[in-house]
Amino acid sequence: MSSQPPHTLKNAPFIPDDAPFNIDQRAWINGYLTGLQSRLFDIEAAAGASDGAAQSLNILFGTQTGNAEQVAEEAAELADNSGFAPQVAALDEVSMEALTAMERLVVIVSTYGEGEMPDNAELFWDALSATTAPRLEQLRYAVLALGDTSYEHFCHAGKLIDTRMEQLGAQRLAARIDCDVDFEDSATEWLNNTLPLADDRDVKTPVAPSPTKSKEASWTRKNPFPSKVIENRLLSGEDSDKEIRHFAFDLGDSGIEYEAGDALGVMPVNHTSLVGALIDRLGAEVDDPVEGFDDSLANVLTHQLEIMTPSRDVITQIEQRAKHDEFSHVVRNGDKEALESFLWGRDTLDLLHMVPEGKVDPAEFVSWLRPLQHRAYSISSSPKAHPGEVHLTVAAVRWRFAKREHRGVASTWLADCTDADDTAGIFVSRNKSFRVPEDNDAPVIMVGPGTGIAPFRAFLEERRERGARGKNWLFFGDQHRHCDFIYEEELSALSEDSVLSRLDLAFSRDQSDKIYVQHRMLRHAEALFRWLEDGGYFYVCGDATRMAKDVDAALLQVIESAGGLDNDAAIEYVNTLKREKRYLRDVY
């Protein structure tokens, strides 16, 4: 049994800031060094394969929020305890040349957005799906896919990789597993069943149980730490269309540790008014028992089930009973955009009201609901600046529809935590792919409008506490400066202390033409490109649907114009930033 920790492939090498190379020379040298790195990976893999006592097992992950990396680390621990020599890497760290040298492979990949590859799997998928991809007859593999059944393209990234590897001649060790948001138990069971299938030795080492977890690691989605809410402060002004709040939680004796860039999971509680209205509409009683649950209907709906956003089963079952022509048309026609438009502003109770009285049995209704899930928020504090605390920046979501107030589940539950003894169940989700540079001299560029500023408040605090000398540039924006400029005093103080080197603001509705953060990027293209050329790291946090895509397009345009590159060269420049882990996103 190996006593060495699982090997992790390091980030791609980079050229020092003071190296006298132009853009083309830098790209050539980086490519050469990356090739050397891939060959080293090949040698390590081959060496592991030739060792009869410790066969190599490659574990590759693609993650957006850290969940797939967490499962990959668990897989490496199990493999190491079972006599393998596991090698863990992000998918984008592995070339096709390295892939052809592998014999045993476990891929753990999440699906991001509407069926997209996570950021650190994009380049791998581009190469794997290309017509030039190599044959993989030597490879035996298995895929563990993470996803969310509330999305149409559930586990799509894992399905694509699984199918493509089969097309290239690779042989499955085991059938792919598609895990929903409550993935922990099913993922562990699959790993325990799959790893022995990769073992070619005559005498096999049984899969060992995971090591005993520390007190900190014991706080999970299923067992959150009950943290006292020690600050609940309104950040937005009274004229704002938004309700943005700053929260601070006491970590007490939990043993919880975190880093700037991590996320905090919050286990919410459904609002009593919605719970009561659902029970009334079902013609049930609060104390009614619920089959399959050792609790009352009121408690099950309050603490265990998702009752605000309609699940797929809720939509399907109510459409069959509602006899609502428009609803039936958009559901049965398969028009996703039309369905989203119809559902906009409606919650589960609104759909239930479309069904004639007495047509929905309470027990049947409960069976349509999904388990209540945690909400993950980007942490907005550095533990160095706030020991014993963790902070969040959250927009409380409230709206009116059909003459009834509707509420976001976690955001408004947190916002209404005003009593001194209020607690919230929390746990940390690691996001090692979104970190402050280890190099304290490296420039940092951050794009975070609205609550997207959250991790960058943490980054700036972290850089200040480290005494980092690298420059920091923040692009921030929202609707109106006078009421939506959150953390204005803090940012001003950071500017005065020379921690925040540049601050560019974009308040979209303070003038006739809307101005967004991407417009500010284009306005300062020359300076932005110089920062990238000086080894700068580029970060984005916020809305994935529009903002992040607009920022990505603007970055490409900045590189084309300021770098004097054509589109293909600019795309390769961006891909190099991704390979070097200098273009990182925390988007949702």
Checklist entry - Which one of 123, 548, 195 is farthest out on the positive end of the charge dipole of the chain, using unit charges on Cβ (Lys, Arg +1; Asp, Glu -1) and the Cα centre as origin? => result 123
Next on the checklist: So for the chain, considering every pair of alpha-carbon atoms, how many percent are separated by more than 39 Å?
Outcome noted: 34 percent
Checklist entry - If you take the beta carbon distance between residue 432 and residue 151 as r and set R0 to 22 Å, what does 1/(1 + (r/R0)^6) give as a FRET efficiency, to the nearest 0.05? => result 0.35
Item to check | Backbone N within segment 267-287 under 12 Å of label point (7 Å from residue 299 Cα along the Cβ vector) | outcome: 287
Item to check | Those trypsin sites (Lys or Arg not before Pro) in segment 328-432 that DSSP places in a loop and that have at most 10 other beta carbons within 10 Å | outcome: 403
Next on the checklist: I need the calculated FRET efficiency for the pair residue 253 and residue 231, taking r as the beta carbon distance and R₀ as 22 Å, to the nearest 0.05.
Outcome noted: 0.70
Checklist entry - What translational D, rounded to a whole number of µm²/s, comes out for segment 346-504 from Stokes-Einstein when the hydrodynamic radius is the Kirkwood one over Cα pairs, at 25 °C and 0.890 mPa s? => result 129 µm²/s
Checklist outcome for this item: Within segment 60-130, DSSP-loop GluC sites (Glu not before Pro) with at most 12 other C-beta atoms within 10 Å are 114
Checklist entry - What is the Rg over Rh value, at two decimals, for segment 245-317, using alpha-carbon atoms and the Kirkwood definition of Rh? => result 1.11
Item to check | Residues in segment 223-242 that a label on residue 420 would reach, taking backbone N under 16 Å of a point 7 Å out along Cα→Cβ | outcome: 228-232
Item to check | Dipole magnitude of segment 348-457 about its Cα centre (Cβ charges: Lys, Arg +1; Asp, Glu -1), debye to nearest 20 | outcome: 320 debye
Item to check | Cut-off 19 Å (backbone N to label point 7 Å along Cα→Cβ of residue 386), residues of segment 530-573 | outcome: 541-542
Item to check | Linear extension gain, residue 546 paired with residue 138, 0.36 nm per residue minus alpha-carbon span | outcome: 142.7 nm
Item to check | Full-extension gain in nm, residue 166 to residue 530, via 0.36 nm per residue minus C-alpha separation | outcome: 126.6 nm
Checklist outcome for this item: With x for Gly and Pro, the residue-by-residue ³J(HN,Hα) of segment 148-163, computed from phi through the Karplus equation 6.51 cos²θ - 1.76 cosθ + 1.60 at θ = phi - 60° and given in whole Hz, is 9, 5, 6, 9, 4, 9, 4, 6, 5, 4, x, 5, 5, 5, 4, 5
Item to check | Whole-number accessible area per residue in Å² for segment 341-499, which is evaluated in the context of all protein chains at 1.4 Å | outcome: 41 Å²
Checklist outcome for this item: About its Cα centre, the chain carries a charge dipole, from +1 on Lys and Arg Cβ atoms and -1 on Asp and Glu Cβ atoms, whose size in debye to the nearest 20 is 620 debye
Checklist entry - For segment 509-564, what is the accessible area per residue in Å² when the probe is 1.4 Å? => result 48 Å²
Next on the checklist: Leaving out ligands and nucleic acids, and using a 1.4 Å probe, what accessible area per residue does segment 64-108 come to in Å²?
Outcome noted: 22 Å²
Checklist entry - Among the trypsin sites (Lys or Arg not before Pro) within segment 487-516, which fall in a DSSP loop and have no more than 15 other Cβ atoms within 10 Å of their own Cβ? => result 509, 514
Checklist outcome for this item: Taking protein heavy atoms only, a 1.4 Å probe, and rounding to whole percent, the accessible area of the chain owed to carbon and sulfur comes out at 49 percent
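The values are calculated or read from the model by the stated rules, or taken from the named source; none is laboratory data. Everything numeric in this text was worked out from a predicted model, so none of it was measured. Virtual Cβ from ideal backbone geometry, glycine too; neighbours counted across all protein chains shown. Calculation scope for accessible area: heavy atoms of the full protein, side chains included, ligands and nucleic acids excluded. Shrake-Rupley method; radii C 1.70, N 1.55, O 1.52, S 1.80 Å.
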